[in-house]
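Q: Input: one structure, supplied below.
The values are calculated or read from the model by the stated rules, or taken from the named source; none is laboratory data. Since the model is a prediction, treat every value here as computed from it, not as a measurement. Quick reminder, even Gly has a Cβ in these numbers, built from the backbone with ideal geometry, and neighbours come from all protein chains shown. Heads up: the accessible areas ignore ligands, DNA and RNA and are worked out on the full protein's heavy atoms, side chains in. Shrake-Rupley method; radii C 1.70, N 1.55, O 1.52, S 1.80 Å.
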Amino acid sequence: MDPDADDRQGLLRFPHMVPLENWRNTVAQGRPVPHFDPRDGGIDARLLILLETPGPGDAPVRFVSRDNAGGTQRNLARFLDAAGITRTDMLLWNCVPWIVHAPGARGRPLRRAEIREGLATLPGLLALLPRLTTVVLAGRVAREAAPVIAAARPNVALFTMPHPSPANVCTSPAVPAAIRDTLSAAAARLGSMYKEGGFA
């Protein structure tokens, strides 16, 4: 178990997290859905990064966080730091928010029905993020969210990048380069919107 999970659970009661936590509970409907990381921006986030689905795991309390021990999260944290994206500016989530893998089983590809159901939850999440200006879609499944986001928040800038999993990042030097370029562009968008004082 995450040694500071209790501390982070306490932070879920802070004002920037309560609406998201209530939404998460509604979406879960008894299924295992990790929490948003309360150390991120919560409802004040200007950048949303969408991955695909939580990885396998049976920890009693889980968070969608750049601090997680997995290779994907370590890679993502490194790329975010390099781009200068602060965690209070962003929120990290998955297009399919439920843990779909059976306890103790290895990861498996998402089913079409799971993807459709996960994408259908996104408008409710977007409605809770009034300051959102930018969304980064990481990976093949996340790219399918583009029309959903464009319909719900047409003024939000959409960027796509490869998934930051270790297996993907190691396939070609072009993959980490594309991730770096995308996150740098997202950071530039955040900076320009901040200077203009404009929010979508």
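This table checks each residue for (1) among the polar types (S, T, N, Q); (2) assigned to a loop (DSSP other than H, G, I, E, B); (3) in contact with a strand residue (DSSP E or B) (Cβ under 9 Å, 6 or more places away or on another chain).
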| residue | (1), (2), (3) |
| --- | --- |
| Ile49 | no, no, yes |
| Asp58 | no, yes, no |
| Asn68 | yes, yes, no |
| Arg74 | no, no, no |
| Ile85 | no, yes, yes |
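Q: Same structure, new question: In segment 87-113, what residues are in contact (Cβ under 8 Å) with a residue 24 or more places away in the chain, within 21 Å of His163 (Cα to Cα) and either of a type in the set (Lys, Arg) or not in a loop (DSSP other than H, G, I, E, B) (or both)?
A: Arg87, Asp89, Met90, Leu91, Leu92, Trp93, Asn94, Arg106
Q: Shifting gears a bit: If you go through segment 139-190, how many residues are among the β-branched types (Val, Ile, Thr), over 26 Å from Gly124 (Cβ atoms) and touching a residue at least 12 places away in the same chain (Cβ under 8 Å)?
A: Looking only at that region, the number is 3.
Q: Now a separate question. Just wondering, is there one or more residues in segment 149-156 that are open to solvent by 30 Å² or more (accessible area, probe 1.4 Å), closer than 21 Å to Asp40 by Cβ and either in contact with a helix residue (DSSP H, G or I) (Cβ under 6 Å, 6 or more places away or on another chain) or among the acidic types (Asp, Glu) (or both)?
A: Within segment 149-156, one or more residues are open to solvent by 30 Å² or more (accessible area, probe 1.4 Å), closer than 21 Å to Asp40 by Cβ and either in contact with a helix residue (DSSP H, G or I) (Cβ under 6 Å, 6 or more places away or on another chain) or among the acidic types (Asp, Glu) (or both).
Q: If you don't mind, there's one more thing I want to ask. Give the residue that is modelled with the lowest pLDDT, with candidates limited to residues of segment 169-198 that are of a type in the set (S, T, N, Q) and open to solvent by less than 50 Å² (accessible area, probe 1.4 Å).
A: Only one residue fits best here, namely Ser192.
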